[in-house]
Amino acid sequence: MSSLVTSLATLSKNGSTGIIEINNPPVNASSQKVRQGMMECLRLVAEDKAITSVVLTCAGRTFMAGADISEFDLPELPRPDYNEVHAVMEALGKPIVAALFGTVLGGGLELSLSCQARVALASTKLGLPEVKLGLLPGSGGTQRLPRLIGLAPAIDFMTAGNPVSAAQALKMGFIDKVVDDGLLEQATAMAQALAEKQAAGEPLRVTSKLPIDKASGTPAFFEEYRNKQAPLAKGGSAARQIVRCVEAACEQSFEDGIIFERTAFIDRKNSADSRALRHLFFAEREATRIPGLAAGMELRPIRKVGVVGAGTMGGGIAMNFLNAGIPVTIIDLNQEALQRGLGIVRKNYEASAAKGRLTADQVTQRLGLFHGALDMAELGDCDLVIEAAFESLEIKKSVCKQLGAVCKPGAIIASNTSTLDIDLLAEVSGRPADFLGMHFFSPANVMRLLEVVRGAKTDPQVLATVMAIAKKIGKSAVVSGVCFGFIGNRMLEGYLREAELLLLEGASPAQIDGAIEAIGMAMGPHRMIDMAGVDVAAKVVIEQDKAGALPNDPSYRVVVRKLNELGRHGQKTSAGYYRYQGRTAIEDDAVWKVCEELAQKYGVKRRDNISDKEIVERCLYPLINEGARILEEGIAYRPGDVDVVWAQGYGFPAYKGGPMQWADEIGPAVICAALEGYGRQFGNAHGYWTPSPLLAKLATQHRHFSDLP
Ligand code: T1G
């Protein structure tokens, strides 16, 4: 086969079939050079009379996984535009068959829709996830897909943004054949068959020329679909625009519909919520890169994992590794606790199987990798041991000391502590170089966030190994330095402090939670504590108080401590900051009275003019300020790392990109001025309102967190 290589696309010939292969590692994203290469290959195909059909494929591990997202921050989309390429493909006059494999997403799937047919390996995943980036399929997807599979299935597929299997795609009607192997051969055979039909007089199927089901596309149909999407204020713009583009496909010619779609796409691309979602997409991947660590460092093999503590956290942690096919030995002090822990994991898997999320074989396979034991010595052959013992310094010191003795040389020892000093536990283990923190978030088998806490003496190879295993078990890992609360819980301090002060000053839990949820937080502070446990939150404050780590402020977090004393531990006792009927939170006058009494006791003046704006600023600006301190102390490497922690672990709205991205949208100078204003209004005796040096510097220099290296 002869071949002509242009930039990132190669044209070769297999008899009368031209093979266009895109080669842009790692995911064949559609960059300007890819599109230039394709245009060159298509020109050559058009000129070569000997070529009567074409197969479009990619090198590497996947067919095109979408447009190059990094191009969207450019002022203009670099030409040739996607739609120029699609127009040349559809006007070629020769059948093109797409050979699909890997993860065919976004612009990659749209590219294939401009072919005459699509053949996919059975293992292929196909999707239009643009909506998850605050975008919409911007290279003809909203115009071509409805012509192939109908209005409702196309809108459902694009507004959900979730991938489907090749078998599902075949059933939906947007691919033509699924093969188990021989993809290129099968696609070539189909291309040649289409060429023969064309030679016999059968017109080529051109997707953009297919009719669209206008009869179903009534105004009421589209209005109903629009109303099903999330509200605009909660990141619903992209989905609503997708519905509008499909409506335009019914109202206008294909050519006009493409223009409509492009206008809507540009509007989305330039929106704050899409910028935020794209920021998080890259931030999550950037977070796995450790400054100063040589790429490609040899990692320690992790073939077997040990978990100490068969409680809720220990069981959840274990499931992460079992799900990845890694054997786990779990230890607990007594048989009853151990059996309870093993039983909880079994029930979790059986519940997943009952919902069809796992097959019975998968449940059997995973449980077959899971063993319980009472003797720590059983952990002697583990490569990584994670302690998830009760959150008490004495207990964790004892466990870490034992692990230092029983774990084999080279084994990594991790603590799941959320409040204790990793360096202290590392020293107690006697192997500080092998030691670090792995702070999972409950439920540990569900929450993607993992704070990896590097100790002062943690070996870089240990850190790199844990970051790699985190990706293998599907976690979004972020490295934190050692400090109280690491990244997330440390920033939570000021947020919860102000939420409680607002209660003393006269706001209700419902008003505070409502104001915070209105800006997109999944759960307000008080509903969050009621779910996690008022006793758990109070214990952290009490332990800090014992350690003399609280501000010299007698009113500090008095409400959570009082509710704890009253036995109002939250949802689990049907009463906390709210009263509960099942999971329904109901405002409770008893809490109002507690706050009134505490306000009187601590001389806090109550008022009834607390606005939602004040609530949001007083709770979230100190959170951002603490994030700035965490950056200037080097606890977090990058602002994006802080954003990933809050978006993945604390319900910060992804369409705001995380607290530091949101701070950039508001402006550091605005935040700085607001902090200083509250300092003047309430006094700043405890330094609650002092802008961090970094925030103050960004404010005066009119720079942003995104300008930081
Ligand atoms: N653009 C640019 N870079 C991308 C990229 C993309 N679309 N997809 C992945 N990368 C980079 C990623 O940053 C990382 O870089 C490396 O590739 C490996 O990715 C016009 C508007 C395909 C399932 O949303 O879902 O098309 O960190 O670590 O775990 O209508 O990447 O190595 O430097 O994630 O194996 C639509 C996004 C775009 C798909 C592979 N497409 N990508 O997962 O590897 S918008 C998407 C993914 C669009 C058109 C619209 C995943 C993956 P680095 P990775 P992975």
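The values are calculated or read from the model by the stated rules, or taken from the named source; none is laboratory data. Because the structure is a prediction, the values reported are computed rather than measured. Every residue, glycine among them, receives a Cβ derived from its backbone with ideal geometry; neighbour counts consider all protein chains shown. We work out accessible area using only protein heavy atoms, side chains counted, and drop any ligands, DNA or RNA first. Shrake-Rupley method; radii C 1.70, N 1.55, O 1.52, S 1.80 Å.
Restricting attention to the range 668-681, does a residue exist that is over 14 Å from Glu617 (Cα atoms) and either more than 30 Å from the chain's Cα centre (by Cα) or in contact (Cβ under 8 Å) with a residue 24 or more places away in the chain (or both)? For the range 668-681, residues over 14 Å from Glu617 (Cα atoms) and either more than 30 Å from the chain's Cα centre (by Cα) or in contact (Cβ under 8 Å) with a residue 24 or more places away in the chain (or both): present.
Looking at the range 505-514 only, could you name the residues that are assigned to a helix (DSSP H, G or I) and surrounded by 22 or more Cβ atoms within 10 Å (Cβ to Cβ)? Hits for the range 505-514 are Pro509, Ile512, Asp513.
Here Phe484, Phe441 are screened, and the one residue that is surrounded by fewer than 24 Cβ atoms within 10 Å (Cβ to Cβ), over 21 Å from Gly651 (Cβ atoms), among the aromatic types (Phe, Trp, Tyr) and more than 16 Å from the ligand (Cβ to nearest atom) is Phe484. A single entry from Gly679, Gly667, Gly657 fulfils the requirement of being open to solvent by less than 50 Å² (accessible area, probe 1.4 Å), within 30 Å of Gly474 (Cα to Cα) and either out of contact with any Leu (no Cβ under 7 Å at 6 or more places or on another chain) or at pLDDT 95 or above (or both): Gly657.
Cβ separations smaller than 9 Å between residues 6+ apart or across chains give the following pairs from the range 79-106 residues that are without any contact (Cβ under 8 Å) to a residue 12 or more places away in the chain to residues that are surrounded by 22 or more Cβ atoms within 10 Å (Cβ to Cβ): Ala87/Ser114; Ala87/Ile258.
The listed residues are Gly603, Gly634, and the only one of them that is farther than 24 Å from Gly236 by Cα, open to solvent by 40 Å² or more (accessible area, probe 1.4 Å) and not β-branched (Val, Ile, Thr) turns out to be Gly603. Look at Gly341 and say whether it is open to solvent by less than 20 Å² (accessible area, probe 1.4 Å) and within 26 Å of the chain's Cα centre (by Cα). No; evaluated as a whole, the condition is false for this residue. Among the conditions (1) within 13 Å of the ligand (Cβ to nearest atom); (2) open to solvent by less than 40 Å² (accessible area, probe 1.4 Å), Lys125 misses just one, which is (2). Taken together, the residues in the range 84-111 that are within 11 Å of the ligand (Cβ to nearest atom) and either open to solvent by 30 Å² or more (accessible area, probe 1.4 Å) or not assigned by TED's automatic domain parsing to the domain that holds Lys177 (or both) amount to 2.
The single condition among (1) in a loop (DSSP other than H, G, I, E, B); (2) in contact with an Asp or Glu (Cβ under 7 Å, 6 or more places away or on another chain); (3) of a type outside the set (A, V, I, L, M, F, W, C) that Arg357 does not meet is (2). In the range 166-211, the residue that is surrounded by the fewest Cβ atoms within 10 Å (Cβ to Cβ) out of those that are in contact with a Pro (Cβ under 7 Å, 6 or more places away or on another chain) and of a type in the set (Gly, Ala, Ser) is Ala195. Among the conditions (1) among the hydrophobic types (A, V, I, L, M, F, W, C); (2) over 21 Å from Ala249 (Cβ atoms); (3) more than 13 Å from the ligand (Cβ to nearest atom); (4) buried (at least 24 other Cβ atoms within 10 Å of the Cβ), Ala117 misses just one, which is (4). In the set Arg244, Arg226, Arg240, only one residue is farther than 30 Å from Lys13 by Cα and modelled with pLDDT under 95; that residue is Arg226.
Residues are listed down the side, and each one gets a yes or a no for (1) basic (Lys, Arg); (2) within 19 Å of Glu110 (Cβ to Cβ); (3) assigned to a strand (DSSP E or B); (4) open to solvent by 60 Å² or more (accessible area, probe 1.4 Å):
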| site | (1), (2), (3), (4) |
| --- | --- |
| Glu21 | no, yes, yes, yes |
| Pro25 | no, no, no, yes |
| Arg35 | yes, yes, no, no |
| Cys41 | no, yes, no, no |
| Ala46 | no, no, no, no |
| Lys49 | yes, no, no, yes |
| Val55 | no, yes, yes, no |
| Ala65 | no, yes, no, no |
| Pro75 | no, no, no, yes |
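Against the condition at pLDDT below 95, closer than 27 Å to Lys408 by Cα and within 16 Å of the ligand (Cβ to nearest atom), how does Ala324 come out, does it pass? So Ala324 does not fit the description; no. Taking the range 263-289 as the range and being hydroxyl-bearing (Ser, Thr, Tyr) and within 17 Å of Ser237 (Cβ to Cβ) as the test, the residues that pass are Thr263, Ser271, Ser274. Per the listing Glu71, Glu130, the residue uniquely touching a residue at least 60 places away in the same chain (Cβ under 8 Å), in a helix (DSSP H, G or I), within 12 Å of the ligand (Cβ to nearest atom) and open to solvent by less than 30 Å² (accessible area, probe 1.4 Å) is Glu130. A single entry from Ile149, Ile175 fulfils the requirement of being under 30 Å from Val45 (Cα atoms), at pLDDT 95 or above, away from the ligand (no atom under 16 Å from the Cβ) and touching a Gly at 6+ places or on another chain (Cβ under 6 Å): Ile149. Taking the criterion of being charged (D, E, K, R) and in contact with a Phe, Trp or Tyr (Cβ under 7 Å, 6 or more places away or on another chain), the only residue of the range 357-384 that qualifies is Arg366.
Is it true that Thr584 is among the β-branched types (Val, Ile, Thr), open to solvent by 50 Å² or more (accessible area, probe 1.4 Å) and over 20 Å from Ala537 (Cα atoms)? Here the answer is yes, as Thr584 does meet what is asked.
Scanning the range 245-302 for residues that are charged (D, E, K, R), within 11 Å of the ligand (Cβ to nearest atom) and over 24 Å from Glu71 (Cα atoms) yields no hits at all. Beta carbons closer than 8 Å, at least 6 apart along the sequence or on distinct chains, pair a first residue in the range 576-593 that is farther than 14 Å from Gly524 by Cα with a second that is open to solvent by 100 Å² or more (accessible area, probe 1.4 Å) for Arg579/Glu587. Of the listed requirements (1) open to solvent by 30 Å² or more (accessible area, probe 1.4 Å); (2) touching a Lys or Arg at 6+ places or on another chain (Cβ under 6 Å); (3) in the same structural domain as Ala518 (by TED's automatic domain parsing), Ser692 misses just one: (1).
For Pro163, the conditions (1) closer than 22 Å to Thr218 by Cβ; (2) within 14 Å of the ligand (Cβ to nearest atom); (3) of a type outside the set (S, T, N, Q); (4) open to solvent by 30 Å² or more (accessible area, probe 1.4 Å) are fulfilled apart from (1).
Rundown of residues vs (1) outside any helix (DSSP H, G or I); (2) under 30 Å from Pro146 (Cα atoms); (3) open to solvent by less than 10 Å² (accessible area, probe 1.4 Å), yes/no style:
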site: Glu247; (1), (2), (3): no, yes, no
site: Ile259; (1), (2), (3): no, yes, no
site: Thr263; (1), (2), (3): no, yes, no
site: Asp273; (1), (2), (3): no, yes, no
site: Pro291; (1), (2), (3): yes, no, no
site: Leu299; (1), (2), (3): yes, no, no
site: Gly306; (1), (2), (3): yes, no, yes
site: Glu336; (1), (2), (3): no, no, no
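Sort through Val558, Val541, Val594, Val644 and tell me the only one that's at pLDDT 95 or above, open to solvent by less than 30 Å² (accessible area, probe 1.4 Å) and within 34 Å of the chain's Cα centre (by Cα). When all the criteria are applied, what remains is Val644.
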